[in-house]
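J.: Got a structure here, written out as structure tokens. Questions coming.
The values are calculated or read from the model by the stated rules, or taken from the named source; none is laboratory data. No experiment lies behind these values; they were computed from the predicted model shown. Cβ placement follows ideal geometry from the backbone for every residue including glycine, while neighbour counts extend to all protein chains displayed. Heavy atoms of the whole protein, side chains included, go into the accessibility calculation; ligands, DNA and RNA do not. Shrake-Rupley method; radii C 1.70, N 1.55, O 1.52, S 1.80 Å.
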Amino acid sequence: MSNTTVAPSEVARCVHENDTKDLFVLDVRNKDDYDEWQIPGSMNIPIYDELLEYDYSTLETQLEELPEDEEIAVVCVGGITSARAAEFLREHGFDAKSIDGGMNGWGRVHRQYEVEDVDGVVQILRPGTGCVSYLVYDDGEAIVVDPSQYIDQYLNAADERGLEIIGVADTHAHADHVSGARQLSGELDVPYYLHEDDAGDLEMITALEEGETLTVGERQLDLIYTPGHTPGSVSFQFGDALLSGDTLFLRSVGRPDLEDSAEVAVREAADQLFDSLSRLTNLDDDSIVLPGHFSDEEIRPLATQLGKLREETTNELLSYVEDGDETAFIETIVESLADEPANYNEIKQINWGKEQPSGDADTLELGPNNCAAN
């Protein structure tokens, strides 16, 4: 990075680790874009269209709203327009830099966390998209679960720990991000594990079945069939770790309408999801829930004991499962479904093998995470 730009990974570090260095994030995009998706804690001054025309009048009238004693990281869509704004601010005495790649760069950041409460699990989290993937390992071997399309993140994570990746698995056919499982599997010549009900037109997979166990070193990665979010959704147990995919989140559950949005189909899938969650809540309370997505939770790594989730009231849908109230569970889901993930139909087609990813596949998944039921 130059002295006029800041890496989005550095912004993520400051934002999510409460670094002592002050950082003020200024988002100059239009208000609708900002309201839909933003960097946590950022401030919006919607002057993007003006800056495209080299008009700094609105920014100049709002200089007094900006801190003089903090570094200002300016963000736009792709990092070009924010560079103009940052230069203007520097000319007026501010310590301003442009976030390299803008919100596009923010969406590609990955951060690693060792899950301290369980042995042999690395959580790889994308703060800009809410996607979470995992590296589970033992005795020099590893399996990657739910990888993004940026496969170097997993190759590097394994190399840093002296691990050999022996397999790749998806908990389901994703609708919010392009899976890197096929590419990673092909590059390493290792199996790609996926339940056949989510395989679409994919041929080069090793189909997962209920009750199956995958060996990692001297330990077992046990499959739990948990349909509902998708017909082939699965979760994995690895010791005390429960990799719950998009079945169970910390504050919600996976939405059941991305395969078929007709109400009768949503109700049928929600019924399956209720049963799947009932299976998961029967596990030991000491199980550490490691979900496939997050929203605005600040804990890192993203992990909570199952017993604690059951006791708290922050996951309304899970409380209905605990109470055995399937009717309330289904009705709440049907009534509260939000907007679908961006470009989810196209992403699904890619992950089913029905379409090939194009050169702009990385931009398809940028935007807010909307995989939760409410």
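J.: Any residue in region 209-221 that's surrounded by fewer than 16 Cβ atoms within 10 Å (Cβ to Cβ): show its pairings with residues that are not in a strand (DSSP E or B) at Cβ separation under 9 Å, as long as the two are six or more apart or on different chains.
T.: Between residues of region 209-221 that are surrounded by fewer than 16 Cβ atoms within 10 Å (Cβ to Cβ) and residues that are not in a strand (DSSP E or B), the close pairs are Glu209/Glu196; Glu218/Asp139; Gln220/Gly239.
J.: Moving to a separate point now. Within region 81-90, is even one residue in contact with a helix residue (DSSP H, G or I) (Cβ under 6 Å, 6 or more places away or on another chain) and in a loop (DSSP other than H, G, I, E, B)?
T.: So far as region 81-90 goes, no, none of its residues is in contact with a helix residue (DSSP H, G or I) (Cβ under 6 Å, 6 or more places away or on another chain) and in a loop (DSSP other than H, G, I, E, B).
J.: Same structure, new question: Mind listing whichever residues of region 242-297 are open to solvent by 20 Å² or more (accessible area, probe 1.4 Å), under 23 Å from Leu223 (Cβ atoms) and not polar (S, T, N, Q)?
T.: Glu259, Glu268, Asp271, Asp275, Arg279, Leu283, Asp284, Asp285, Asp286
J.: Tell me the residue from Ser295, Ser278 that is part of a helix (DSSP H, G or I) and small (Gly, Ala, Ser), please. Show your work before the answer.
T.: Numbers: Ser295 fails: part of a helix (DSSP H, G or I).
Matching residue, one of Ser295, Ser278: Ser278.
J.: Could you tell me whether any residue of region 149-161 is open to solvent by 10 Å² or more (accessible area, probe 1.4 Å), closer than 23 Å to Ala207 by Cβ and touching a strand residue (DSSP E or B) at 6+ places or on another chain (Cβ under 6 Å)?
T.: Within region 149-161, none of the residues are open to solvent by 10 Å² or more (accessible area, probe 1.4 Å), closer than 23 Å to Ala207 by Cβ and touching a strand residue (DSSP E or B) at 6+ places or on another chain (Cβ under 6 Å).
J.: Further, regarding this structure: When region 222-239 is examined, which residues are found to be surrounded by 24 or more Cβ atoms within 10 Å (Cβ to Cβ) and assigned to a loop (DSSP other than H, G, I, E, B)? Full working, then the answer.
T.: Step one: list which residues in region 222-239 are surrounded by 24 or more Cβ atoms within 10 Å (Cβ to Cβ), which gives 226, 228-230, 233-236, 238.
Listed by number, the residues that qualify are Thr226, Gly228, His229, Thr230, Ser233.
Per-residue answers, yes or no, for (1) touching a strand residue (DSSP E or B) at 6+ places or on another chain (Cβ under 7 Å); (2) open to solvent by less than 20 Å² (accessible area, probe 1.4 Å):
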site: Pro341; (1), (2): no, yes
site: Glu346; (1), (2): no, no
site: Gln349; (1), (2): no, no
site: Asn369; (1), (2): yes, no
site: Ala373; (1), (2): yes, yes
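J.: Taking region 84-112 on its own, how many of its residues are more than 14 Å from the chain's Cα centre (by Cα) and either touching a residue at least 40 places away in the same chain (Cβ under 8 Å) or open to solvent by less than 40 Å² (accessible area, probe 1.4 Å) (or both)? If you could, list the steps in order and put the result at the bottom.
T.: Step one: list which residues in region 84-112 are more than 14 Å from the chain's Cα centre (by Cα), which gives 84-105.
Narrowing further to those that are either touching a residue at least 40 places away in the same chain (Cβ under 8 Å) or open to solvent by less than 40 Å² (accessible area, probe 1.4 Å) (or both): 85-90, 94, 96-105.
The qualifying residues number 17.
J.: Give all pairs with beta carbons closer than 8 Å in which a residue from region 71-83 that is farther than 10 Å from Gly105 by Cα and open to solvent by 10 Å² or more (accessible area, probe 1.4 Å) meets a residue that is in a loop (DSSP other than H, G, I, E, B) and acidic (Asp, Glu); count only pairs at least 6 apart in sequence or on separate chains.
T.: From residues that are farther than 10 Å from Gly105 by Cα and open to solvent by 10 Å² or more (accessible area, probe 1.4 Å), the pairs are Glu71/Asp22; Glu71/Asp95.
J.: Given the conditions (1) among the aliphatic types (A, V, I, L, M); (2) crowded, with 19+ Cβ neighbours inside 10 Å; (3) not in a loop (DSSP other than H, G, I, E, B), and given that Ala173 satisfies all but one, which numbered condition is not satisfied?
T.: (3)
J.: Now, a different point. In contact with a Phe, Trp or Tyr (Cβ under 7 Å, 6 or more places away or on another chain), open to solvent by less than 70 Å² (accessible area, probe 1.4 Å) and over 18 Å from Val15 (Cβ atoms) - does that describe any residue in region 56-65? Can you show your working first?
T.: So the first thing to find is which residues in region 56-65 are in contact with a Phe, Trp or Tyr (Cβ under 7 Å, 6 or more places away or on another chain), and the list is 56, 59.
After this cut, where a residue has to be open to solvent by less than 70 Å² (accessible area, probe 1.4 Å) as well, the list is 56, 59.
Filter once more, keeping what is over 18 Å from Val15 (Cβ atoms): 56, 59.
Yes, there is a match, as at least one residue in region 56-65 is in contact with a Phe, Trp or Tyr (Cβ under 7 Å, 6 or more places away or on another chain), open to solvent by less than 70 Å² (accessible area, probe 1.4 Å) and over 18 Å from Val15 (Cβ atoms).
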